[in-house]
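The values are calculated or read from the model by the stated rules, or taken from the named source; none is laboratory data. Here the structure is a predicted model, which means the values were calculated and not measured. In this analysis, Cβ positions are derived from the backbone assuming ideal geometry, glycine residues included, and neighbour counts consider all displayed protein chains.
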Amino acid sequence: MFNEFCFSQLGDYQILNNVVQALHQFQKILGPLNLIVSKGRASELICNHLQKLNVFSGLIECSNSSEDYIIDLFVIDREEDYVSALLSQINYSGIIDETFGIECGKIRFHNDEKNCFSPSSKSSLDGSRIDENKFFKHNLMKNDSIFEDAKDRSFSAVCAMLKEKGQKLRQKSFDRQSMSLSEMQQFLRKEMNNLQSEHKLLFSHLTICEKVMAEKKLTKFSEKIRVEQSMIEGNDPKQSIQFIENGTIRLVSWPQTLRLICLYSICYSGITTKELDNFIRLFTQSYGHKFVIIFYYLKKIGIIYESSNQFNLISNTAPKFSNITGTVSSFSSSSSSPSPSSINSSTAVATASSSSTTSPSETIRKFRHIVKKFNLIPSLDQENYDSKIPIDCGYVFGGCYYPYCCRLLQNLFDSTKSLTQVEEFCRQFHCRLQPSLIPNQHQGRDWQRKSKRIQLILFVGGVTYAEVSAIRFISKQIDLPISIMATSITNGNLFLDSIAQKFI
């Protein structure tokens with residue numbers, strides 16, 4: 001649903017009605033929400049419309065389920081933490097999703113290394129159909145005990161775990177040779193089927209890891225992680241620019257390159273006009289000039305923004321491409337202006353690009369300040385950070401970044417000891433506490449009780465597997481179940497590809 005979320009960032013909030021309706025149906029099942037905290041523009045709008053819908057439908061008056069459950073909801077926009085979507089995921093489920101794409105718990109990729117392209121593609125680059133038998137397919141959600149145990153671990157820890165499992169299975173095979181006839185009979189009757197299924201699962205995950213390591217070797221993954229860490233810390237922008245330019249010249253997949261450009265813009269508080277023009281020029285020469293329109297919309301959304309307001313390559317070339325595709329004119333036509341017949345469409349688009357650009361969110365504009373204030377760089381003083389033995393949820397990004405949503409959740413849970421502390425949390429983190437429609441709803445609430453307490457977090461604009469693993473880590477730390485809801489499962493590649501599919 002990231003396409004729709006982009007529309008909401010451009011001023012079209014009608015698509016958020018589906019989220020409101022889903023929350024309304026949820027309340028019909030478990031009762032009205034006790035505490036609602038929102039962070040972000042779209043999230044606040046969702047909560048406001050949900051409150052109105054509750055009053056209109058009479059849900060508050062007819063429900064008494066709140067006596068049985070205490071349901072707290074935290075709603076956060078994707079725009080509040082674009083960095084978590086742009087960074088490379090290190091956890092096992094996240095790295096599989098970024099490499100192959102997880103669709104309904106299933107992955108598929110070509111067995112041939114030369115044709116190991118996107119699993120969703122059923123045709124080769126020359127348009128010919130690919131034999132389905134040549135694809136490796138695996139269902140991660142169907143009785144996969146290995147994935148269940150490994151999905152939240154770092155990739156390096158999973159490789160060590162698979163090696164250990166392989167040694168145990170080999171030892172079981174050796175033990176069979178010294179069995180008596182009666183012991184062999186018992187083994188064949190009880191353990192043979194389990195041993196075969198374990199061998200099959202282990203082979204599948206070893207194949208997955210092998211493909212992941214081959215792909216990461218081609219993309220210089222280790223060096224990319226170091227560059228991302230340097231960006232988060234705000235160090236050596238020249239090294240980051242050089243790595244982005246080298247990747248563009250080597251024709252690394254365009255989402256990977258564009259992710260780094262977006263990350264550069266956020267981490268260094270904008271891009272200078274000269275740097276941005278150089279990025280666009282090199283990017284379009286390498287991947288095609290049709291991608292100019294993506295830069296145009298990334299600027300409108302606020303992910304890419306300039307540190308100066310001078311004339312730049314986007315405002316110069318984007319109207320020409322948008323005039324061809326016709327996508328931008330559909331957005332600009334909704335603004336108050338003379339009739340379309342009396343004005344050139346390219347002129348209207350040029351006006352839109354200069355005046356209706358969405359201002360970056362506070363998290364983007366003040367990213368350096370937020371990183372320092374809320375300590376979003378975990379274990380900064382430790383030289384040897386081991387992601388195999390995580391001590392905080394920053395391990396999902398190799399220890400270079402603590403997901404902002406997780407920091408908000410930790411502080412929120414620490415604050416849910418009284419209504420006054422929750423209000424103080426909202427003032428400190430610029431969140432909004434939605435007013436309760438039930439009279440005296442919080443009066444007499446046992447804030448320390450954990451039984452029959454439902455903690456919900458809703459991501460508007462999608463959630464990454466890295467954030468899911470990080471929230472699970474927090475849930476174990478505070479010993480409180482957290483239910484995660486999202487409009488979609490996303491990652492940095494899908495994040496940008498969804499814009500490209502809509503506007504190119």
Exercise. If you go through the stretch 94-101 one residue at a time, do you hit one that is more than 28 Å from the chain's Cα centre (by Cα), among the charged types (D, E, K, R) and modelled with pLDDT of 55 or more?
Worked result: no
Seminar exercise, completed: In the stretch 219-234, anything in contact (Cβ under 8 Å) with a residue 60 or more places away in the chain and not in a helix (DSSP H, G or I) is listed as 234
Seminar exercise, completed: Matching residues in the stretch 1-59 (acidic (Asp, Glu) and at pLDDT 80 or above) number 1
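Per-residue answers, yes or no, for (1) part of a helix (DSSP H, G or I); (2) modelled with pLDDT under 85:
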{"site": "442", "(1), (2)": "no, yes"}
{"site": "445", "(1), (2)": "no, yes"}
{"site": "456", "(1), (2)": "no, no"}
{"site": "459", "(1), (2)": "no, no"}
{"site": "466", "(1), (2)": "yes, no"}
{"site": "470", "(1), (2)": "yes, no"}
{"site": "476", "(1), (2)": "yes, no"}
{"site": "484", "(1), (2)": "no, no"}
Exercise. Are any of the residues in the stretch 210-226 more than 26 Å from residue 147 (Cα to Cα), out of contact with any His (no Cβ under 7 Å at 6 or more places or on another chain) and surrounded by fewer than 17 Cβ atoms within 10 Å (Cβ to Cβ)?
Worked result: yes
